[in-house]
Amino acid sequence: MHEIPVFKPLITEQEINAATESLRIGWLGMGAAVGEFEQHLSDYLGLQDRHLVAVSTGHAALHLAMMLIEACPGDEIITPSFNNIADFQAILAVGATPVFCDIDERTLCIDLVKAEALITPRTKAIIVMDYDCCLADHDQAARLAEQYGIRIIHDAAHSLGSAYKGRKVGTFSDLCMFSFDPVKTITTIDGGALVVRSEAEKQVLHEMRLIGMGQPAAVMYENKRAWTYDVQRLGFRYHLANLHAAIGLVQLTKMPAITYSRQQTCKRYNEHFGRLPLVQVPHSDFNDVTPFLYYIRVPAEHRQPLRDYMKADGIDTGIHWQPGHYFALLKDMPRGKLEVTEQIASEILSLPLHSMMSEDDVLRVITSVTRYFEA
Ligand SMILES: *Cc1c(COP(=O)(O)O)cnc(C)c1O
């Protein structure tokens with residue numbers, strides 16, 4: 001019996017052919033495919049008054065977001081402690097201080113009442129992350145931004161394709177980032193994107209992702225480069241490459257099928273696991289979202305035994321996440337009370353969720369979890 005991993009990228013002959021073709025074209029760095037990927041992704045999201053810039057990773061998008069809002073040493077960035085390490089490192093990379101905030105027990109996204117209490121004159125921004133299939137309270141985040149004159153960085157690494165109150169994620173935030181790392185809903189192997197509100201911010205990002213070079217993207221998107229340009233600002237080598245964008249272009253065409261497949265699996269999981277008295281399932285009907293991962297909450301003392309039981313059945317499980325304030329690097333960072341975070345962190349378990357997951361694999365997961373709790 002094959003092992004069922006937590007994540008499994010959907011790579012077919014189409015992606016392999018696109019990658020091969022991209023290598024044959026021979027322009028390996030940033031070029032035409034990157035421009036096309038930005039365009040197709042913008043179209044998919046339905047961006048109207050927003051600009052999208054593709055970069056090398058989600059972490060790079062977050063780091064550039066920090067630079068764009070000019071977060072500096074002394075500035076505070078409020079983030080859920082229940083978040084990806086990339087977010088914490090992006091804050092540290094500009095010398096700012098992460099301030100850990102608790103999450104809402106129902107959505108597992110940042111608790112904005114608690115976040116408001118953490119706002120000080122040094123607060124530069126709040127990171128608002130959508131956890132899996134649950135979206136954060138983005139309207140309330142926008143109100144706080146307005147009231148306190150702070151920025152909102154929407155971490156949408158989990159919510160590509162999802163809609164918030166009928167509006168597609170990416171279309172309404174101050175700054176919105178996506179990740180296309182190997183295990184995300186779609187992959188470019190590694191890649192990310194940042195969506196900004198103004199042409200001016202887009203221009204700055206174009207320079208910052210190219211070690212500060214003022215090379216016009218329009219020239220590079222013809223697989224050409226300008227040999228003379230100015231350098232006006234600090235930058236990093238954070239561009240997306242053609243090979244990666246070519247894979248992303250194929251992945252994007254599959255979003256409707258990926259969404260449907262993931263929704264169906266999550267619905268079946270919820271239906272079965274929702275009946276188990278010791279298990280809590282996500283509060284979602286999965287209709288307006290493209291789920292990135294599927295989690296359950298189990299009593300803390302059952303988590304490791306369940307993981308071992310499933311492992312014996314050839315099923316891998318994951319933990320998203322260990323909270324930020326548990327890590328040596330971050331243990332002394334300021335924070336509010338993190339009771340919900342700590343409780344959830346001891347109970348949360350990610351189950352396998354893949355695009356186009358086979359009926360057989362879905363059944364094996366359902367059977368294994370059910371048998372564990374019936375035993
Ligand atoms: C994956 C992820 C990131 C980082 O993206 P990378 O492309 O892996 O650098 C950031 N935030 C969240 C919530 C993520 O899941």
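Every number in this text was worked out from the coordinates using simple rules, so none of it is lab data. Keep in mind that what you see is a predicted model, and the values were worked out from it rather than measured. Don't worry about glycine lacking a Cβ; one is built from the backbone with ideal geometry, like all the others, and counts go over all protein chains shown.
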By average Cβ neighbour count within 10 Å, what is the ranking of 163-174, 327-338 from highest down?
163-174, 327-338
What is the calculated FRET efficiency for Gln147 to Gln304, with r their C-beta to C-beta distance and R₀ = 56 Å, to the nearest 0.05?
0.80
Based on the mean of other Cβ atoms within 10 Å per residue, sort peptides 224-232, 181-189 so the most packed one is first.
181-189, 224-232
Taking placed amide H atoms and a strict 5 Å upper bound, the residues 5 or more places from Leu210 or on another chain that come that close are Phe236, Tyr238
Which whole-number percentage describes the relative contact order of region 1-120, with Cα contacts under 8 Å and a sequence gap of 6 or more?
17 percent
For the charge dipole of the chain, defined by +1 on Lys and Arg C-beta atoms and -1 on Asp and Glu C-beta atoms about the Cα centroid, which residue among Val281, Leu160, Leu306 has the Cα displaced farthest towards the positive pole?
Leu160
What is the dipole size for region 1-116, taken about its Cα centre, with +1 at each Lys and Arg Cβ and -1 at each Asp and Glu Cβ, in debye to the nearest 20?
260 debye
Could you work out how much longer the chain between Val113 and Arg237 gets when fully extended? Use 0.36 nm per residue separation minus the Cα distance between them, nm to one decimal.
40.9 nm
Between helix 255-273 and the chain, what is the angle of the helix's C-alpha long axis to the longest principal axis, kept within 0 to 90° and rounded to the nearest 10?
20 degrees
Spin-label pair Arg197/Ala312, simplified geometry with 7 Å Cα→Cβ offset, distance in nm:
5.6 nm
Any chance you could run the full-extension gain for Asp43 through Ile85? It's 0.36 nm times the residue separation minus the Cα-Cα distance, nm to one decimal.
12.2 nm
Under a point spin-label approximation (7 Å from Cα along Cα-to-Cβ), what is the Ala163-Lys337 distance to one decimal in nm?
3.8 nm
Any residue on another chain or 5+ positions along whose placed amide H is under 5 Å from the amide H of Asp75 is listed here as Thr97
Take the cross-link list Lys311/Lys337; Lys184/Lys267; Lys202/Lys267 and give me the ones stretching past 28 Å between alpha-carbons.
Lys311/Lys337; Lys202/Lys267
Student exercise, the chain dipole from Lys, Arg, Asp, Glu Cβ charges, in Debye to nearest 20:
260 debye
Given the rule -39500 (n - 2.57) for each run of at least 4 DSSP H residues, summed and divided by the residues of the chain, what is its mean residue ellipticity at 222 nm, to the nearest 500 deg cm²/dmol?
-12000 deg cm²/dmol
Assuming 0.36 nm per residue, please report the length gained on full extension of the stretch Ile211 to Leu363 beyond their Cα-Cα distance.
49.8 nm
